[in-house]
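The values are calculated or read from the model by the stated rules, or taken from the named source; none is laboratory data. Please read all numbers here as calculations on a predicted model, not as lab measurements. Cβ placement follows ideal geometry from the backbone for every residue including glycine, while neighbour counts extend to all protein chains displayed.
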Amino acid sequence: CKCGSQHHSLEVVCVHLECIEDIMLDICKCRPAVVQLVQCGFFTCSPVRPTLAVSLNMLEFIAKLFLHIAPNERGWAAMLVKYLKAHRYHFMTADSFHHHFANAL
């Protein structure tokens, strides 16, 4: 890039409908992580140095699902934490994941 700022690497867990992947981003002032992730079809759970991003397709699926059932973010987040743990991704607590997930919604 041409911004001349210092570059940093950032690892982000990206949750798709069909898989989970770790990606490494090269971030700087002109290419922040959030912009790169949105360009790749993800919504981050934090605006600065995100560690988790959820695919826009998954968020669309959940939004449509919640139109037809009673919305239960905590239940959905608890289920997703169990799913992620089964696929080697671990979070400090289900509550912290619920907080991040609710921010993405």
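In region 1-9, the condition of being out of contact with any Leu (no Cβ under 9 Å at 6 or more places or on another chain) and either within 22 Å of Y89 (Cα to Cα) or in contact (Cβ under 8 Å) with a residue 40 or more places away in the chain (or both) is met by no residue. Look at (1) at pLDDT 90 or above; (2) in contact with a helix residue (DSSP H, G or I) (Cβ under 8 Å, 6 or more places away or on another chain); (3) not acidic (D, E) and you find that I20 fails only one, number (1).
Scanning region 47-98 for residues that are modelled with pLDDT under 85 and touching a helix residue (DSSP H, G or I) at 6+ places or on another chain (Cβ under 6 Å) yields E73, R74, A77, A78, V81, F91, A94, F97, H98. Residue count for region 38-48, restricted to those that are of a type in the set (A, V, I, L, M, F, W, C), surrounded by fewer than 21 Cβ atoms within 10 Å (Cβ to Cβ) and in contact with a Ser or Thr (Cβ under 7 Å, 6 or more places away or on another chain): 0.
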